[in-house]
Each structure stands twice: as structure tokens, then as C-alpha cells.
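Notes to accompany the following structure.
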Amino acid sequence: MSDQIFNVVLGTAGHIDHGKSTLVKTLTGIDPDRLKEEQERGITIDLGFAPLLLSNGMRVGIIDVPGHERFIKNMVAGATGVDFVMLVIAADDGVMAQTREHLQIVQLLGVRDGLTVITKKDLVEPDYLELVIDDVKTLEAGTVLDGKPIVPVSSKTGEGIGELKRLLDELLPKLDRRPVVGPFRMPIQRVFAKEGFGTVVTGVPLSGQVAIGDTLVVLPPGFQGRVKGLHAYRSAIDHGQAGHSTAINLHGPDIDKQDVRRGMIVATPNVFQPSTLLTARLTHLKGVPWPLKHRAPVRFHAGTAEIQGKVLLLEGDQLAPGVEGWIQISLEEPTVLAPGDRFILRHQTPMVTLGGGRVVDVALRKRKRNDAGVIAELEQRLKALDNIEEFVAHVVGSAPIPKTLPELAAESAMLPQTLLELLRKLVKAGRVAQLQADALFLSPSRLQELLNAAVSSAQDYFKEHPALGAVEQPELRRRLNAKLGRVVPASLPAGAEAGTTLNDAMFDGLIAAIKQKNLLRVEGNMLSLPGRDRKLEGALAAQAQQVEAAFRAGALAPPAPADVAANLKIQPKTFREIMRYLQDTGAVIEATPELCFHQEHYEKARAAVLAEFSKKGELTTSEIRQVLGSSRKYIVPLVELFDRKKVTDRVGDKRRVHGSH
């Protein structure tokens, strides 16, 4: 039956006791007040739902919202996902407090279209009705309802209901349907347990589709469940989609009615990430009697969630009524949103709607206050918000370190595979670069900066340690991260973050790129500069000559390295680097960490031993010691060094010339 559902949602709005629920019942034949208390007291407390059958045979869902100021949070929860609003105003009361507030909320939530219904026209004279209509036009000037139809009706006599139905038949099919592409996401409006079925959640999906058998995740906290059944407007359906009220029967070991509540979302797994810090553009309502101050406590409403939080102004210490500004919202509980989502801010005490706006960044990223660059970057982000290709390119281009595919999926609310296809397109166009294929993404200019920074860090290292020929990868990473954390990248938009560090995967990807471009020579864990001439100068060169002379003077009974350092009064760190230099250049050869031979004496010893082998096919260690004339303390390590260098092969307790078996 889902093909008979026109996937747009019609919602009511208006002051308490202005006849919203009665109007819905008159249009649909269904009383949206489902709670016993609502029916007994005659007021709407929570959200009501009813299908409206259009003349073309399509069904459109109506969400009826409460009008009492105490239930504004329920009204906001219902207004989320509404495409077309019926603002309901009673003819005998006219425009009231919640009329204004509901219209403000509708405007802030970006509802696309609507009309106004003047109810109870049978209770007033025609002249008075005309005055009410004039007031309504004044109220709606500059809003989404400006110039839209105003229909006087009487649910009691039926007068005007036919005209209202005709208008809905005409206007609703003209609305663009909600897109059904992208990941499934539905803010939960109601949760209940149905005997024999388990947990059922209801709401209006904001994007995507869901089918029986799909796996969904409840966020937060992350419970997974399988879809056992779907209903829409009291009928079983095969699949649900964005733009019509849907009931989902979820089954899973973690899914329990007590653990799932309004304010959470059900969504496609592995896309969305809950966050406690959001960046947004806020409109502070003109009629609020006080400015919004930095760190002011607020009630944050988005989707069906209501969360306590604080406003962090990014411009100045207060925002005047009627002014727009950039803010961050620090929340006491995590929530799930997508870029472009609308929200409402209300004062905690008294309960007043302060304003609302649009989320531009859902990542947990604290931004610097009163920084022109930060504001400029946010303006660019807002401008790109309605073009997903431009938005993804901007998110990647403004990132100081590579972005992973899961990070980009959460920050753009895209299915990973769809996002990957877009990223490949951007890579092909030269707008995005990859540090690891299909895994790590950054701007081409930022990649070049990281490569330059890595080479620069290596050059800095060798300036400090001229005796050394290579730097270990962990040391280069430490230096590179320190450099990245100090410098604002020139390639990024003004206001981008400066503090960055590369994790293991990012650094490995950078090393792979460095190796491919031959910017550094990569040998295992060591990195060196191609073509670098290792030349010692000044005091360091003199010390190196003294160390080399000490080992040369020791012949085949050289001094211990520690003794050489002590005798020459060379600092341990400097001595270690000199020894590395002498070994790398071949002047000194290490037999053990405590025993090194000068290359001149090593070569003489090797020649003497090989000459003796020409006389005898095999030699014992004692015989080699007699040939070389040194003590066993030095000869045993030297013979083992011959083995390692493939001069000799050990056969039992004797040696032979390597390869002479």
C-alpha cells in the first residue's frame, strides 16, 4: 500500500482550543487525540496522527500538535518533518500567544508551504471575521504563509470544509516529495510495546528508505535491531520512506521499550555519530525581551529531542533580538543531527522561544571565538550546504588532517558507498587527494603541505644531528606533529584549525606518498634525505677524528666505546652520534655494542685470515688467534663478525672460507 502514500506530511499549528484536533477529525474521520486524558480533558497533550485521503486516491499524513504552551516541546517534535502547515486560528479568539509562537517555530524549522484555517466561523459575525483575517495577514507578513490562502471554516456546520479540501487537493500534490535517497533516518516520536510483536517506534523519516528485514541502529546509545514489520496510516507496508509517518517493529537483543525513547533516532548503521557539540547559524527572534548571552543555558529542540545545553557565541558576548549569529551549542546529552537540520532554542525559565536556525557542522570540533577567519569558513560552509558535492569538497578542503570515510559519512549524512563514489569523482577532478586509496582524503594543497612539512622536519633533524645518516620514523612523526600543531596551514580556509596530529594510518599513508615521490629514502624504519652529503664540521669533526684515532690506535685490542667517550670527555648523546657516523661511513666496524674495530685493522685481519685459509682448508678459533696475535677476548667477537659478514662459515668448532664447502 506504500505506493498510495504521497510522501509529504501535513501538520497543524496554533493556539490551544482553536479547534485543531476537531478540524483533523472533520477532514479525516479520525480523532487524533488518542490518549484517554486528552479525550477526557478536551485538550491535545501529545502528537496525534491521521491519514487524509485526497481526491486522487493518495493518502497524506496529518500530524496534529498540542497548542498549550506547556507542550511546546511536543509541538516542536511534531513539526519536525512537516512539509505543509495548517495554521489554525479560532475566529472568536483571533491571533493568540501560541499562534505567534507556533508560526515562529514553523518558520524557524523551514516548513516549505501551508495555509491558514480560521475555525469556528459560525461563532462570529462576518464583519468581525474580516477583522480577524486582517490581523492574520499582518501576522503572516514576511513568513512562509505570506500571501497563502486563508480559509474560514466551521467544523460544526461543515461550512468551508469543502473549500479547504479542494485547496488541499490542489496544493499538496504540487509539493516536491521528500527525497528517498541517502541513509535512512527517523527521529522517534513514540515508543510502545505491542503484545506478540515487541518494540514499535514511530516517526516521520527525514531521509532514505527502510524495508522489512533491514538492520537499523537506535542512536544514541547504539542498539541494533532488525525490522520485523512496518505500518503507515494504519496499514501494513513493505517499505517506509522519507515523508510519511511510519511505525517500525524492531527486534533485537538490546531493543527494549524501556531503553528506547522519544528524542533518539533509528537510522542506517555506520553513518551517523552522536555529538554533544554542534555549530550552527542562529536567528534570535525579534520579540524576545532580552539579548542572548554567551554561555546562556537553553533548551535545545531538534528532531524529536529536547536537551539541556549552553549557547557558545562565536561573535561577541551577546546576540541582540532580531539578529543572526554564529554559535556552538554544548549539549548535556549526545544527539544525532545532519548538516542542514533545523533546530529551536527555548529559554529554560520562563519557557520562551529564543530562536532557531540551521546546523552546519555536526563534528565535535570546538571553534575559536571572535575570529574573523572562523566566521569566514562557516560562511563558506553554509553557502555549500545545499550542494552535497560542494559541501563534501569544502569539508575535505577545510580539514587540517586527512578525513576518513566514516568521518566524512557522519559529517555529510551520506551512505559510505555513495560518498566514496563522490570522492572518487572529486579525486579525478583534482579537487580532493587521497593519502590512502578510498580511505584517507584531504585537499591536494594540504597533501603537498604535509609532504613539505615532513621533508622539512627531516632536514631540521639532520641540521641538529649532522653525524646521523637517517632518522627513525617515530622521531620524524613526533617532530612533524609538533610542527603541524604550531602552524596554521596556509592552504586551508581562514579560521581552520591549527592543532593537528597524524595517527598511525595517516602517517603510514604519508610515508607511502613520500616514498612514491622519492622525497625521502625509506629503508625499513629509517628515513634519509636523497643525495645528502654527510660532512662533519667544526668541533664535531674534531671529536670524530679523536674517536677514530683511539680505535685505530687500539689495533686488534681496541678500547671499549665507553672508555673512549670518558677519556675524550664527550657527552653520551654526541658520542653515540659520532659512533653512528663512523660506523655508517665504514671507519669503525661494530663486533658487539662493547667492541668496535677500526676498519683499517679489520681489513688487515681479514686479509691475514684468508691468507692462512689458502694454506689450510679449516681453522679453529685458537689457530686464528695465533695468526692475528691477539687475546681470546677480542678474537672470538672478531671471528663471529667474520661469520656475519660472510667472510667465513662455521662448521662445527672450525671455520672455512665462506662458500667453500
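Taking every protein chain into account, the 1.4 Å probe leaves I212 with about 90 Å² of accessible area, to the nearest ten. Charged neighbours of K174, selected by a Cβ distance under 13 Å, balance to -2 (K, R count +1; D, E count -1). Each Lys and Arg Cβ is given +1 and each Asp and Glu Cβ -1; about its Cα centre, the range 249-334 then shows a dipole of about 280 debye. Estimated from helical segments only, the mean residue ellipticity of the chain at 222 nm is -10500 deg cm²/dmol, where each DSSP H run of four or more residues counts as -39500 (n - 2.57). Heavy-atom accessible area with a 1.4 Å probe sorts D64, D256, D643, largest first, into D256, D643, D64.
Counting only Cβ charges, +1 for Lys and Arg and -1 for Asp and Glu, the dipole size of the chain around its Cα centre is about 2800 debye.
Between the labelled values (i) 43, 30, 21; (ii) 50, 25, 24; (iii) 78, 27, 19, the entry that holds semi-axes √(5λ) of the Cα gyration tensor in Å as derived from this structure is (iii). Converting phi to 3J(HN,Hα) with the Karplus coefficients 6.51, -1.76 and 1.60 and the offset θ = phi - 60°, the range 233-244 yields 6, 6, 10, 5, 10, 7, 8, x, 8, 4, x, 9 Hz in sequence order, with x at every glycine or proline. Note on the chain: dipole from Cβ charges, positive end direction compared against A560, L480, T28; the farthest Cα belongs to A560. I265 contributes an accessible area of around 10 Å² to the protein surface, as traced by a 1.4 Å probe with all chains present.
With a 1.4 Å probe and all protein chains in place, put H284, H394 in order of accessible area, largest first.
Details: H284 0, H394 20 Å².
In descending accessible area the options line up as H394, H284.
Here the 3J(HN,Hα) profile of the range 322-327, calculated from phi with Karplus coefficients 6.51, -1.76 and 1.60 at θ = phi - 60°, is x, 10, 9, x, 8, 9 Hz, Gly and Pro shown as x. For the chain, the solvent-accessible area with a 1.4 angstrom probe is 44 square angstrom per residue. Taking all protein chains together and rolling a 1.4 Å probe, M526 ends up with roughly 50 Å² accessible. Ranking E603, E324, E577 from most to least accessible surface, computed with a 1.4 Å probe over the protein chains only, gives E324, E603, E577. Considering only L109, Y128, V201, and ranking their Cα positions along the charge dipole of the range 97-205 that arises from unit charges at the beta-carbon of Lys, Arg, Asp and Glu, the one farthest toward the positive end is V201.
The stretch between T620 and A437, if pulled fully straight at 0.36 nm per residue, gains 60.2 nm over its current Cα-Cα span.
Between the residues I589, V181, G325, the greatest Cα displacement towards the positive end of the dipole of the chain, with unit charges on the Cβ of Lys, Arg, Asp and Glu, is found for I589. Its Cα centre serving as origin, the range 159-299 has a Cβ charge dipole (Lys and Arg +1, Asp and Glu -1) of approximately 600 debye.
The values are calculated or read from the model by the stated rules, or taken from the named source; none is laboratory data. Predicted model, so just to flag it, every value in this text is computed and none were measured. Quick reminder, even Gly has a Cβ in these numbers, built from the backbone with ideal geometry, and neighbours come from all protein chains shown. The area values use the complete protein model at the heavy-atom level, side chains included, leaving out ligands, DNA and RNA. Shrake-Rupley method; radii C 1.70, N 1.55, O 1.52, S 1.80 Å.
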